[in-house]
Amino acid sequence: MLQNLDSLYQSLSKTEERLEEIIQQEIKLKDYQVEVDSAMSRMNKSYQNLYSERSSSSREIFSDITGIEATIQPNRDFNNYVKELRACINKEDTFDSEFGSLIDKLTKNSITNQDIYNDILDIRVSGESSIFSDKKLINSIRKLNDAQVLELQTLKPNDLVVIRLELNGKKVSLSNASAGQKTSAILSMILAYGNSPLILDQPEDDLDSQLINNLIVRSIITKKENRQILIVTHNANIPVNGDSEWLISMGDSKEISADQCGSVDEPNIKPRICTVMEGGEDAFTNRAKRYGFKQIVE
């Protein structure tokens, strides 16, 4: 009888010790959860600050560009989010249909990234999912380690930058624009941002001809008042329409040499421009009248 009591007492002591260990682990777990929640709060605040900075920079850059507009959509870059999600669970090249459906649901606001994370936690506990349907994928998610799950917890869609061009009275997303239209838009942004000297080498290459005047030339005229812009070009429309302050016509010999130098309203510059300008002398004269260069019209 006493032996049984002694055995029960020892068992009770061990149970109490184990219980104390569990209690201490729970305390540590709660402290850890507080740290995680605090870190997540700081991360979300950083995302908000990043969105504010992007919006401010976007307004600053595009305020001087006619024909282009940009909007920042907070936490809407679902394509890259799902790409990072696939990398985290080592499924970059498989289950394309499943992850394509995921992007579609996110885009339609049917689910959020938090819903996806919560679903992954449910899968680890029960093996059941309300978002994923492929059993093999669900089984793979269930086998994720703690480090992967922690990485998924901090994974969040970045801001989506949407740039639109105005073409023939219609707004076209930059993602759907031609290569030349994209180049024109990027070049306009480069021209608009900053005040340091800028050198452009044949910007007309691969550019949409309509946008050279509608975007590039407008940007040059706007920025040349407070920024030095040096342009090497075969397109005479750029210096003429852009109201260049100084032109250097290069010689056609093998050696690098200047043929003529001067401003657009100087008589010795006119023939050099007309030889390469689309429309020739008539086009140059019409532009000269528009800018009020009487002496070269005469």
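No value in this document is a laboratory result; all are computed from the given coordinates. Only a predicted model underlies this, so the values are computations on that prediction, with no experimental measurement involved. No Cβ is skipped: glycine too gets one built from the backbone with ideal geometry, and neighbour counts run over all protein chains shown.
Conditions tested, residue by residue: (1) of a type in the set (S, T, N, Q); (2) more than 25 Å from the chain's Cα centre (by Cα).
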site	(1), (2)
Lys83	no, no
Thr94	yes, yes
Ser101	yes, no
Thr107	yes, no
Ile123	no, yes
Phe132	no, yes
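Look at segment 125-180 and say how many of its residues are in contact with a strand residue (DSSP E or B) (Cβ under 6 Å, 6 or more places away or on another chain) and of a type in the set (Ser, Thr, Tyr). The qualifying residues number 1.
Of the residues making up segment 207-243, those that are buried (at least 20 other Cβ atoms within 10 Å of the Cβ) and in a loop (DSSP other than H, G, I, E, B) are Leu207, Asp208, Asn235, Ala236, Gly242. The residue that is farthest from the chain's Cα centre (by Cα), counting only those in segment 60-79 that are among the charged types (D, E, K, R) and farther than 12 Å from Val161 by Cα, is Asp64. Entry remark, segment 26-84: residues being closer than 28 Å to Ile212 by Cβ, in a helix (DSSP H, G or I) and among the aliphatic types (A, V, I, L, M) number 1 in total.
Note on segment 105-206: enclosed strands (runs of 3 or more DSSP E) holding 1 or more residues that are among the polar types (S, T, N, Q) are 158-167, 170-173. If you go through segment 163-182 and keep only what is within 20 Å of Asp205 (Cα to Cα) and of a type in the set (Lys, Arg), you end up with just Lys182. Taken together, Asn118, Asn75 contain a single residue that is closer than 28 Å to Ala185 by Cβ and surrounded by 12 or more Cβ atoms within 10 Å (Cβ to Cβ), which is Asn75.
Quick check, is Glu35 acidic (Asp, Glu), exposed (fewer than 13 other Cβ atoms within 10 Å of the Cβ) and under 15 Å from the mean Cα position of the chain (by Cα)? No.
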